[in-house]
Amino acid sequence: MKPLSHWFRDTSQDLGLRLIAALGLLLYLVFIVVPVFMSLRSSFTDENPLKSGSNWIGFGNYSEMLHDSQLRTSVVFTLLLAAGVTVVANLVGLAFALLLDRTALSYRVLRTVAFLPQVVSGVIVGFVWKTILTQDGLLNTVLRSLHLVHTPVDWLGKPHLAQFSVGVVVAWVLSGFTTVVYLAALQNIPQELYDAGSIDGAGAAQQFRMITLRMVAPATTISVTISLITVLKLYDVIQVLTSGGPANATQSTAQYIVKMAFTNDRFGYASSIAMFLLALSAVIALSVTSILRRREVDL
Amino acid sequence: MFRRSAAFRRGAATVGAAGLLLIAACSNSASSGGSSAGGGATLTYLTFNTPSLTPAFWKDSIARAEQKAPGVTIKQVVAPSTDRDSYAKQLQASGQFPDLLQSITPSQYTEAGLLAPYDQSWIDANFLLPQGNAIKGKVYIPPTNSQIIPLVFYNKSLFTRAGVQPPTTWAQFLQANAKLKAAGITPMELGGNDPFAAAMPLTGALSADVLGKNPKWLQQRYAGTVKFTDADVVAAAGKMRTLVEKGYFEQGALNVSYADSIKNFNAGKAAMYPMGSWYLGSIPKDQWNNIGVFPWPTDDGSVVVPFAVGGSMAISTKAKDVKGATGFAQAWSLDPDNLKALIEGDGAYPMLKNKALKDYGVTVSPAFTDSYTYVTDTNTKVSSIGWSTNDDALPGSLNNDFYAAAQALFNSSDVKGQMSKLDKAWSTATK
């Protein structure tokens, strides 16, 4: 039986933890839940940032969204970007993780280097890549000096090429994150599994397929889901790199929301698009998580 | 008991402090105001930085105007980019609309009653074009300076090499481009990766051909009696497409940044450069005698000047001290040192009454003095489409859509289709 003083101590610690949890909950309510509900309410109005008061217009904004061709273009681009970047960033991340899963000091340094793209601000990433990809930028200069191209490539000047370039840059940024996630997962795989596999005569490819891939499956679920969500709400990198151009070819849905809210002064309409993006992200994230979780069990 | 109460107090204090922080964070810090040591108001002033409008420029200019407007203390708020309108709206949305706002587009705020008009007698007494920035007859930013957008700058030695004279008609312009190309010279530089720069030829063509013949066109577009899909507008926009199809722009023009386009043109990599008159501030001194300028050519050779009257600051109707803010704004607007910096660094043409260029003590290039004559001469001045801040300002995000249409004309021959998109965007922007 615990002495009475211990009960008091436990209770006081418990109370402290509860207060800290309450503070966290308060912050979450104030900065996440309340704004979401405010935005939901705004999506049914004609709210304008320059005017006080607004009118309730029901589903008017949502109805307008169905006929908005610019919105449709931005959503299609955002979805394609999210899918492409998620696949590439996760493959690259897994490959890097396999390469860097060593204990030597040099590998630890390389791990830091691999994580750097994730640390750098999206604005800085945009500026740096813009100088690399423009006409007389680093990439075209290198390609021309190696005689791989005769005329500079319009990396940011042709719509499809610009979309591809944005995809590469965003995948580069995300690969830092995916590398770390897969590295953590790889380091949790017991060596005994590989030893047993070797005894059973499994080669490197078989060990990768039967042990590594299966053991990193939970990490894949997390990495894929977070990658998708990150790209679905992407704004900063694209804004600096292409400003959504050329001719709106790389305009993300998040950019379109900002354009509607702060350039067209249509907070209500921007809120309805934001609600749509939130719902779309939630549906995609839940579906992907559900599919990958089932895959984890199957594996 | 002691431990329990201490933990409780610590926790309660933490929650209390966080609550106070939240309340403080959510409160309107800008409008809560404050007072200077002298008892006058502290006013927030939204500014922005460019290569010529540096932090040092703002610091000095604010200090000078504060001296001339006693009792006013200025707290500078710097926009994170040159898009000060979007930032001003973000501040308004969060209850922090600045008391003074530099070089905004007033038409976006006047309907909401957010800006206070200047006293017309003061405007009339001090400026060459008192109504240059007027919205429904009222002036919300003093018309201190002006720009021509675009002019066509040209490299005299490259013109001589190709045997080309500065053109005055559209036909001559096409001939000049063809001759330059045939001589192995890139006819035109364009930093099309930056959307506004990509739209310079479209701005020139529509301003010269459409507004040149019908200066009321933008007002009629607001009234819905004309459209972008009208034949004259499509024909004007088609001129930009012609320049693209004939390969007169620098190869990969949409992959060239605005900054690189200036470097390229200054280095003699192209013969012509359609750009706003602010480029005058970027001509290197060793090129002063080699860079010439002509207005965007029209079909018949008449001079049409796409014009935008710039200005200084707007005053919020909710300013803590509108009288003090007006005093500061008037002092800033009439300060010749501010105009000197704008003339030399930003290629701005001064619009103050009773002052000649020499009165500002500036040293400017021959291209500046040549182009300044387009401002002072009698000719057809029209609003530069997409750049005006008066009644002819485009609604909402139409500037962005206009830029996008210009970029699209590099990859699409469907000129009417692009103009149709602008009509749709107009409907969205005016809802």
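The values are calculated or read from the model by the stated rules, or taken from the named source; none is laboratory data. Everything quoted here is computed from the prediction, not taken from an experiment. No Cβ is skipped: glycine too gets one built from the backbone with ideal geometry, and neighbour counts run over all protein chains shown. With ligands, DNA and RNA removed, areas are computed over all heavy atoms of the protein, side chains included. Shrake-Rupley method; radii C 1.70, N 1.55, O 1.52, S 1.80 Å.
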Members of segment A:263-282 that are of a type outside the set (Gly, Ala, Ser) and over 15 Å from the mean Cα position of the chain (by Cα)
A:Thr263, A:Asn264, A:Asp265, A:Arg266, A:Phe267, A:Tyr269, A:Ile273, A:Met275, A:Phe276
Quick one: in segment A:76-109, which of the residues that are under 12 Å from A:Leu183 (Cα atoms) and free of Cβ contacts under 8 Å to residues at least 60 places away in the same chain is least open to solvent (accessible area, probe 1.4 Å)?
A:Ala95
Residue that is nearest to the other protein chains (Cβ to nearest Cβ), among those in segment B:62-78 that are under 26 Å from B:Pro51 (Cα atoms) and surrounded by 23 or more Cβ atoms within 10 Å (Cβ to Cβ):
B:Ile74
Can you tell me which residues in segment B:399-418 are over 23 Å from the mean Cα position of the chain (by Cα) and assigned to a helix (DSSP H, G or I)?
B:Val415, B:Lys416, B:Gly417, B:Gln418
Of the residues in segment B:79-106, how many are open to solvent by less than 40 Å² (accessible area, probe 1.4 Å) and in a helix (DSSP H, G or I)?
6
Can you name the residue in segment A:255-276 that is free of Cβ contacts under 8 Å to residues at least 40 places away in the same chain and not in a loop (DSSP other than H, G, I, E, B) and, of all such residues, is nearest to the other protein chains (Cβ to nearest Cβ)?
A:Lys259
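Results for (1) in a loop (DSSP other than H, G, I, E, B); (2) open to solvent by 10 Å² or more (accessible area, probe 1.4 Å), shown as yes or no for each residue.
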| site | (1), (2) |
| --- | --- |
| B:Ser146 | no, no |
| B:Thr160 | no, yes |
| B:Pro167 | yes, no |
| B:Gly184 | yes, yes |
| B:Gly192 | yes, no |
| B:Ala208 | no, no |
Does B:Leu129 satisfy being touching a Pro at 6+ places or on another chain (Cβ under 8 Å), surrounded by fewer than 24 Cβ atoms within 10 Å (Cβ to Cβ) and within 14 Å of chain A (Cβ to nearest Cβ)?
no
Name every residue in segment B:374-418 that is under 29 Å from A:Phe267 (Cβ atoms) and among the hydrophobic types (A, V, I, L, M, F, W, C), in order of residue number.
B:Ile385, B:Trp387, B:Ala393, B:Leu394, B:Leu398, B:Phe402, B:Ala404, B:Ala405, B:Ala406, B:Ala408
Going through B:Lys320, B:Lys358, B:Lys381, B:Lys353 one at a time, which residue ends up being free of Cβ contacts under 8 Å to residues at least 24 places away in the same chain and more than 14 Å from chain A (Cβ to nearest Cβ)?
B:Lys358
Identify, by number, the condition in (1) of a type outside the set (Gly, Ala, Ser); (2) out of contact with any helix residue (DSSP H, G or I) (no Cβ under 7 Å at 6 or more places or on another chain); (3) surrounded by 13 or more Cβ atoms within 10 Å (Cβ to Cβ); (4) free of Cβ contacts under 8 Å to residues at least 24 places away in the same chain that A:Pro159 doesn't meet.
(4)
Starting from segment A:123-144, keep only residues that are free of Cβ contacts under 8 Å to residues at least 60 places away in the same chain and within 10 Å of chain B (Cβ to nearest Cβ), then list their pairs with residues that are hydroxyl-bearing (Ser, Thr, Tyr) and open to solvent by 50 Å² or more (accessible area, probe 1.4 Å) whose Cβ atoms are within a distance under 7 Å, requiring at least 6 positions of separation or different chains.
A:Gly137/A:Thr131
Pair list, Cβ under 9 Å, 6 or more apart: segment B:233-256 residue within 12 Å of another protein chain (Cβ to nearest Cβ) and among the aromatic types (Phe, Trp, Tyr), other residue open to solvent by 20 Å² or more (accessible area, probe 1.4 Å) and outside any helix (DSSP H, G or I)
B:Phe249/B:Thr186; B:Phe249/B:Phe410
Of the residues in segment B:148-158, those that are crowded, with 18+ Cβ neighbours inside 10 Å and either in a helix (DSSP H, G or I) or among the hydrophobic types (A, V, I, L, M, F, W, C) (or both) come to B:Ile148, B:Ile149, B:Leu151, B:Val152, B:Phe153, B:Leu158
Residue hits (segment B:349-368; in a helix (DSSP H, G or I), in contact with a helix residue (DSSP H, G or I) (Cβ under 6 Å, 6 or more places away or on another chain) and farther than 30 Å from B:Met272 by Cβ) are none
